[in-house]
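Novice: Structure provided below as structure tokens; questions to follow.
The values are calculated or read from the model by the stated rules, or taken from the named source; none is laboratory data. As the structure is a prediction and not an experimental result, all values here were calculated from the model. Note that we place each Cβ from the backbone using ideal geometry, even for glycine, and neighbour counts take in every protein chain shown. Just the protein is used for accessible areas: all its heavy atoms, side chains included, with ligands, DNA and RNA removed. Shrake-Rupley method; radii C 1.70, N 1.55, O 1.52, S 1.80 Å.
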Amino acid sequence: MDLGCGEGRISRELTDLGWRVTASDIVPTMLEAAQQALSAKNYLLADAADLPVTDNQFDLVVAYNMLMDVEDVPGTVREIARVLKPRGHAIVSLVHPFVDRGRFAGKDVDAPFVVEGSYFGRERFEGSETRNGLTMDFAGWSQPLEAYAEAFTQAGLAITGLREPRPAIAPNLPPDMARWQRLPLFLWLKLVRL
């Protein structure tokens with residue numbers, strides 16, 4: 001299952017690797033885009049915290065950059081565990097919780113990364129970014145890694161792998177982009193249902 005499949009990018013990759021994929025999203029236009037791309041075998045319009053599927057159905061659930069966008073993280077994680085077969089795996093990608101809590105103090109490549117306030121607790125974020133004439137709006141939740149780990153533990157999922165991928169070093173980036181090469185932008189977790 002590709003949970004929060006968006007336009008189906010991960011579903012397409014999984015399908016190309018030979019998986020029989022169910023793509024699920026709560027946003028009808030995103031699910032329609034995934035369908036138009038023929039990204040999966042099955043499509044499911046559903047809230048990730050209340051999936052209308054039977055228990056123990058999937059060998060693998062991928063939650064790619066979606067857990068920080070859901071209101072009910074513990075409920076969503078319980079659903080991931082419920083629909084996984086025993087000893088099934090989940091792969092989770094998050095925007096790194098530390099990066100969510102700070103900002104650069106300037107535009108220089110060596111500008112300090114500053115965390116004002118606290119890393120702990122749960123905070124709502126909303127914002128937009130414009131590049132090359134296109135604007136993307138973002139909204140979701142920032143919370144510490146411990147909150148995710150507690151949700152996994154309570155749902156009966158064990159973390160078996162953790163990666164903080166290093167951004168690729170690209171030459172000739174403007175300083176305001178190059179500075180992001182110093183921090184882990186994402187957190188990748190591999191989980192198993194006990």
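Novice: Checking the condition within 29 Å of E150 (Cβ to Cβ), among the β-branched types (V, I, T), in contact (Cβ under 8 Å) with a residue 12 or more places away in the chain and in a helix (DSSP H, G or I), which residue from V62, V77, V53 passes? Talk me through it step by step, then tell me what you get.
Specialist: Working: V62 fails: in a helix (DSSP H, G or I); V53 fails: in a helix (DSSP H, G or I).
Sole residue among the options that is within 29 Å of E150 (Cβ to Cβ), among the β-branched types (V, I, T), in contact (Cβ under 8 Å) with a residue 12 or more places away in the chain and in a helix (DSSP H, G or I): V77.
Novice: Is one or more of the residues making up the stretch 55-70 surrounded by fewer than 18 Cβ atoms within 10 Å (Cβ to Cβ) and among the small types (G, A, S)? Can you show your working first?
Specialist: Looking only at the stretch 55-70, we keep the residues that are surrounded by fewer than 18 Cβ atoms within 10 Å (Cβ to Cβ), and these are 55-57, 59-60, 65, 69.
Filter once more, so that each one left must be among the small types (G, A, S): none.
No, the stretch 55-70 contains no residue that is surrounded by fewer than 18 Cβ atoms within 10 Å (Cβ to Cβ) and among the small types (G, A, S).
Novice: Continuing with the same structure: Within the stretch 19-45, which residues are surrounded by 16 or more Cβ atoms within 10 Å (Cβ to Cβ) and under 23 Å from R82 (Cα atoms)?
Specialist: Correct list: W19, V21, T22, A23, S24, D25, I26, L31, A40, Y43, L44.
Novice: Also, quick follow-up: Quick one: which of A158, A111, A139, A149 is in contact with a strand residue (DSSP E or B) (Cβ under 8 Å, 6 or more places away or on another chain), open to solvent by less than 40 Å² (accessible area, probe 1.4 Å) and in contact (Cβ under 8 Å) with a residue 60 or more places away in the chain? Even if it seems obvious, please write down each step before you answer.
Specialist: Working: A158 fails: in contact (Cβ under 8 Å) with a residue 60 or more places away in the chain; A139 fails: open to solvent by less than 40 Å² (accessible area, probe 1.4 Å); A149 fails: in contact (Cβ under 8 Å) with a residue 60 or more places away in the chain.
Checking each option against the conditions leaves just A111.
Novice: Suppose the filter is of a type outside the set (G, A, S), open to solvent by 60 Å² or more (accessible area, probe 1.4 Å) and free of Cβ contacts under 8 Å to residues at least 24 places away in the same chain; does D16 pass it?
Specialist: Values: of a type outside the set (G, A, S): yes; open to solvent by 60 Å² or more (accessible area, probe 1.4 Å): yes; free of Cβ contacts under 8 Å to residues at least 24 places away in the same chain: yes.
Against the criterion (of a type outside the set (G, A, S), open to solvent by 60 Å² or more (accessible area, probe 1.4 Å) and free of Cβ contacts under 8 Å to residues at least 24 places away in the same chain), D16 qualifies.
Novice: While we're here: Could you tell me how many of the residues in the stretch 161-175 are of a type outside the set (A, V, I, L, M) and open to solvent by less than 60 Å² (accessible area, probe 1.4 Å)?
Specialist: 3
Novice: I'd like to check something: does the stretch 114-136 contain any residue that is under 17 Å from Q154 (Cα atoms), surrounded by 11 or more Cβ atoms within 10 Å (Cβ to Cβ) and not aromatic (F, W, Y)? Show your work before the answer.
Specialist: Just the residues of the stretch 114-136 that are under 17 Å from Q154 (Cα atoms), to begin with: none.
Checking the stretch 114-136: not a single residue is under 17 Å from Q154 (Cα atoms), surrounded by 11 or more Cβ atoms within 10 Å (Cβ to Cβ) and not aromatic (F, W, Y).
Novice: While we're on this one: What residue, of A158, A139, A111, is of a type in the set (A, V, I, L, M, F, W, C) and not in a strand (DSSP E or B)? Steps first, please.
Specialist: On the way: A158 fails: not in a strand (DSSP E or B); A139 fails: not in a strand (DSSP E or B).
Answer to the selection: A111.
Novice: Looking only at the stretch 161-194, which residues are hydrophobic (A, V, I, L, M, F, W, C), farther than 20 Å from N65 by Cα and touching a residue at least 12 places away in the same chain (Cβ under 8 Å)?
Specialist: Of the stretch 161-194, the ones hydrophobic (A, V, I, L, M, F, W, C) are 162, 168-170, 173, 177-178, 180, 183, 185-189, 191-192, 194.
If we keep only those that are farther than 20 Å from N65 by Cα as well, we get 169-170, 173, 177-178, 194.
Of everything in the stretch 161-194, those that are hydrophobic (A, V, I, L, M, F, W, C), farther than 20 Å from N65 by Cα and touching a residue at least 12 places away in the same chain (Cβ under 8 Å) turn out to be I169, A178, L194.
Novice: While we're looking at this one, here's another question. Within the stretch 85-108, can you find the residues that are open to solvent by less than 70 Å² (accessible area, probe 1.4 Å) and part of a strand (DSSP E or B)?
Specialist: Start the filter on the stretch 85-108 by keeping residues that are open to solvent by less than 70 Å² (accessible area, probe 1.4 Å), which leaves 88-97, 99-102, 104-106.
Of everything in the stretch 85-108, those that are open to solvent by less than 70 Å² (accessible area, probe 1.4 Å) and part of a strand (DSSP E or B) turn out to be G88, H89, A90, I91, V92, S93, L94, V95, G102, F104.
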